[in-house]
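A single structure is presented below for examination.
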Amino acid sequence: MIKLFSLKNQKKDGSDGSGGRPSGQRKSSAAQIRIAKDINELNLPKTCQVDFPDEDDLLNFKLIISPDEGFYRGGRFEFSFKVSQGYPHEPPKVKCETMVYHPNIDLEGNICLNILREDWKPVLTISSVVYGLQFLFLEPNHEDPLNKDAAEVLRNNRRQFAQNVFKSMQGGYVGSTYFKHCLK
């Protein structure tokens, strides 16, 4: 709640409301406060780790997922997170930096995860996104694909899909697309 009378009194007695901060320091934005809270409360599964290239910038970081089961077992997949000043009212922008043969991740790193788009709500946290991404590696979804070729193979021939995933993680071609080695 804004206290109008206290603001008027501050203006009258010359107080600028900086709370004694030196003039060079800025107040933290709502997004910075919320992301700090989300990260502080982040309880990562053993298959995930977070990396902050710039420790002073909590709005930009990396997530590494190393599945220990499923089709992608043994792989290492890196995601970049860019959190806007509109957070938590806007979802973070998340991109897969590792080229992966996956029905829900296209070859440019775009991710089909409903909570990163139409189902985002301000009550969701970075932890929700981490678990959503991890779930995509455990249960790829052929019904809502970004990579339609991978989805079709998953739908029609799970054995061939598993072979394609392994071939791509070893570093090799699946069809005409080359994938870099991403096994741990």
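Counting only residues that are outside any helix (DSSP H, G or I) and touching a residue at least 12 places away in the same chain (Cβ under 8 Å), which one in segment 144-170 is farthest from LYS121 (Cα to Cα)?
Restricting attention to segment 144-170, the residues satisfying the condition of being outside any helix (DSSP H, G or I) are 144-147, 157.
From what is left, the residues that are touching a residue at least 12 places away in the same chain (Cβ under 8 Å) are 144-147.
Details: ASP144: 20, PRO145: 22, LEU146: 22, ASN147: 26 Å.
That would be ASN147.
For (1) open to solvent by less than 70 Å² (accessible area, probe 1.4 Å); (2) in contact with a Ser or Thr (Cβ under 9 Å, 6 or more places away or on another chain); (3) hydroxyl-bearing (Ser, Thr, Tyr), each residue gets a yes or a no:
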position	(1), (2), (3)
SER66	yes, yes, yes
GLY75	yes, yes, no
GLU90	no, yes, no
VAL153	yes, no, no
ALA162	yes, no, no
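Which pairs turn up if I take residues in segment 54-77 that are in contact (Cβ under 8 Å) with a residue 40 or more places away in the chain and more than 14 Å from LYS184 (Cα to Cα) and look for partners that are in a loop (DSSP other than H, G, I, E, B) and not aromatic (Phe, Trp, Tyr) with beta carbon separation below 7 Å, at least 6 apart in sequence or on another chain?
Sorted first by the residue in segment 54-77, then by its partner, the pairs are PHE71/PRO140.
Which is over 13 Å from the mean Cα position of the chain (by Cα), over 24 Å from ASN43 (Cβ atoms), at pLDDT below 95 and not aromatic (Phe, Trp, Tyr), of ASP144, ASP106?
ASP144
Follow-up question, since we're still on this one. If I ask for residues that are open to solvent by less than 30 Å² (accessible area, probe 1.4 Å), assigned to a loop (DSSP other than H, G, I, E, B) and without any contact (Cβ under 8 Å) to a residue 24 or more places away in the chain, which ones from segment 97-139 would you list?
Result: GLY109, LEU113.
I want to confirm something. Restricting to segment 43-53 and keeping residues that are touching a strand residue (DSSP E or B) at 6+ places or on another chain (Cβ under 9 Å) and open to solvent by 60 Å² or more (accessible area, probe 1.4 Å), which single residue is nearest to LYS184 (Cα to Cα)?
This residue is GLN49.
Of all residues being open to solvent by less than 100 Å² (accessible area, probe 1.4 Å) and under 22 Å from the mean Cα position of the chain (by Cα) in segment 169-181, which is farthest from PHE71 (Cα to Cα)? Just the residue, please.
Filtering first and then ranking leaves PHE179.
Continuing with the same structure: Does PHE81 qualify as being in a strand (DSSP E or B) and out of contact with any Gly (no Cβ under 9 Å at 6 or more places or on another chain)?
Values: in a strand (DSSP E or B): yes; out of contact with any Gly (no Cβ under 9 Å at 6 or more places or on another chain): yes.
Yes.
Still on this model: Against the conditions (1) in a strand (DSSP E or B); (2) open to solvent by 30 Å² or more (accessible area, probe 1.4 Å); (3) within 30 Å of ALA36 (Cα to Cα), where does VAL94 fall short? Just the number, please.
Every condition holds for VAL94 apart from (2).
The values are calculated or read from the model by the stated rules, or taken from the named source; none is laboratory data. Remember, it's a predicted structure, so these values are computed and weren't measured experimentally. Virtual Cβ from ideal backbone geometry, glycine too; neighbours counted across all protein chains shown. With ligands, DNA and RNA removed, areas are computed over all heavy atoms of the protein, side chains included. Shrake-Rupley method; radii C 1.70, N 1.55, O 1.52, S 1.80 Å.
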